[in-house]
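Notes for the one structure printed next.
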Amino acid sequence: MGRPAIEVQGLWTQFGNQVVHKDLTLAVQRGEILGIVGGSGSGKTTLLRELIGLQPPSRGRVCILGEDIQRLSAAEQRRLSQRWGVLFQQGALFSALSVFDNIAFPLRELRTLDEASIRDLVMLKLRMVGLRPADALKMPAELSGGMVKRVGLARALALDAELLFLDEPTSGLDPVAANAFDELIGHVRDGLGLTVVMITHDLDSLATVCDRVAVLADQRFIAVAPLAEVVQLAHPFIRDFFHGERGDRVLRAAAQPASSPGGA
């Protein structure tokens, strides 16, 4: 199978006397979509920040694409970060920049491409996420919630990322827009061979697009498995999260054959 795209070994996160994560271990296989769920305060976003090098863990190792990020110099970390893209929860678009300039931003930071090449790449990424050329001229304030997410995704993919990190990608979207965005993530993964890590509380996303689900509770991963296996576990968080009003529909969806990971 080859070395995983992401390896977390013995990771602890602690702020003063507060322990958030205790001895986390995780391997994300190349080409899979992994969903991470957990209750409020379980440290999902903190873990994401540690995975992308924005925050060091208190102890333990994080290896991305075979590189131990804690052992890299600042310059080496910057080069490695060009191999992944991040979509933050609210899109995190620059409000004073057009859609075109938002997507072009990471390309211009490289200082290796001329404007003609940047223009071609921006328009390619727009098409990739289902937006029209005319949308490039719009400002973020003119976009719907779903369009903001798509522009954020296009920017995350601007540098031909191998990894994609998504923080609550369907948060704030209506069910139709959320379903369309889930389908887009699946198409992008399949088309580009990406590895995707998605923090989400959206049960539909977990059932329809994720190959495996990692459940954060009690300061650790209590499960890392396909959804159909996760929902069978006897744990209070899993009972409360997966077996509420929408549980029957999620269980039915989880019982359907899952799509195989693109690179696993």
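Do we have SER42 as more than 19 Å from ARG79 (Cα to Cα), in contact with a strand residue (DSSP E or B) (Cβ under 8 Å, 6 or more places away or on another chain), crowded, with 20+ Cβ neighbours inside 10 Å and among the hydroxyl-bearing types (Ser, Thr, Tyr) here?
Values: more than 19 Å from ARG79 (Cα to Cα): yes; in contact with a strand residue (DSSP E or B) (Cβ under 8 Å, 6 or more places away or on another chain): yes; crowded, with 20+ Cβ neighbours inside 10 Å: yes; among the hydroxyl-bearing types (Ser, Thr, Tyr): yes.
Judged against the criteria, SER42 is a match.
Consider VAL176 against the criteria (1) within 30 Å of SER95 (Cα to Cα); (2) under 19 Å from the mean Cα position of the chain (by Cα): it satisfies all of them except one. Which criterion is unmet?
Among (1) within 30 Å of SER95 (Cα to Cα); (2) under 19 Å from the mean Cα position of the chain (by Cα), VAL176 violates only (2).
Determine which single condition LEU93 fails, assuming it passes every other condition in (1) surrounded by 15 or more Cβ atoms within 10 Å (Cβ to Cβ); (2) touching a residue at least 24 places away in the same chain (Cβ under 8 Å); (3) part of a helix (DSSP H, G or I).
For LEU93, the failing item is (3).
Using the structure shown, decide if ARG78 is farther than 21 Å from ALA217 by Cβ, modelled with pLDDT under 95 and in a helix (DSSP H, G or I).
yes
Give the residues of the range 82-138 that are within 18 Å of the chain's Cα centre (by Cα) and either on the phi > 0 side of the Ramachandran plot or of a type in the set (Asp, Glu) (or both), sorted by residue number.
The answer is GLY91, ALA92.
Pairs only if they're at least six apart or on different chains, beta carbon under 7 angstrom, first in the range 108-119 and in contact (Cβ under 8 Å) with a residue 12 or more places away in the chain and of a type in the set (Val, Ile, Thr), second part of a helix (DSSP H, G or I) and surrounded by 12 or more Cβ atoms within 10 Å (Cβ to Cβ); list them, first residue then second.
ILE118/ALA104; ILE118/LEU107; ILE118/ARG108
Return yes or no: is THR46 of a type in the set (Ser, Thr, Tyr) and modelled with pLDDT of 95 or more?
Details: of a type in the set (Ser, Thr, Tyr): yes; modelled with pLDDT of 95 or more: no.
Answer is no for this residue.
Pairs please, first residue from the range 22-37 and on the phi > 0 side of the Ramachandran plot, second anywhere and not small (Gly, Ala, Ser), Cβ atoms under 7 Å, 6+ apart in sequence or on different chains.
ASP23/TRP12; ASP23/ARG220; GLY31/THR195; GLY31/PRO261
For the range 1-23, indicate whether the set of residues that are touching a Pro at 6+ places or on another chain (Cβ under 8 Å) and within 23 Å of ALA207 (Cα to Cα) is non-empty. Even if it seems obvious, please write down each step before you answer.
Quick first cut of the range 1-23, residues touching a Pro at 6+ places or on another chain (Cβ under 8 Å) only: 11-13, 21.
If we keep only those that are within 23 Å of ALA207 (Cα to Cα) too, we end up with none.
The answer is no, given that none of the residues of the range 1-23 is touching a Pro at 6+ places or on another chain (Cβ under 8 Å) and within 23 Å of ALA207 (Cα to Cα).
Mind counting the residues in the range 40-64 that are closer than 18 Å to THR195 by Cβ, in contact with a Phe, Trp or Tyr (Cβ under 8 Å, 6 or more places away or on another chain) and part of a loop (DSSP other than H, G, I, E, B)?
1
Can you give me the ranges of the strands (runs of 3 or more DSSP E) entirely in the range 145-258 with at least 2 residues that are at pLDDT 90 or above, touching an Asp or Glu at 6+ places or on another chain (Cβ under 8 Å) and within 21 Å of THR25 (Cα to Cα)?
Qualifying strands (runs of 3 or more DSSP E): 195-199, 220-225.
Could you list, in sequence order, all residues of the range 1-37 that are polar (S, T, N, Q) and part of a strand (DSSP E or B)? Please lay out each step first, then the result.
Keep residues of the range 1-37 that are polar (S, T, N, Q), which gives 9, 13-14, 17-18, 25, 29.
Selection gives GLN9, THR13, GLN14, GLN18, THR25.
Of all residues in the range 196-210, which are more than 12 Å from VAL231 (Cα to Cα) and either among the small types (Gly, Ala, Ser) or surrounded by 22 or more Cβ atoms within 10 Å (Cβ to Cβ) (or both)? Before the answer, list the steps.
First, pick out the residues of the range 196-210 that are more than 12 Å from VAL231 (Cα to Cα): 196-202, 204-205, 208-210.
Hits for the range 196-210 are VAL196, VAL197, MET198, ILE199, THR200, ASP202, SER205, VAL209, CYS210.
The values are calculated or read from the model by the stated rules, or taken from the named source; none is laboratory data. Quick caveat, the model's predicted, so the values are computed rather than measured. As a convention, Cβ positions derive from the backbone with ideal geometry for all residues, glycine included, and neighbour counts pool all protein chains shown.
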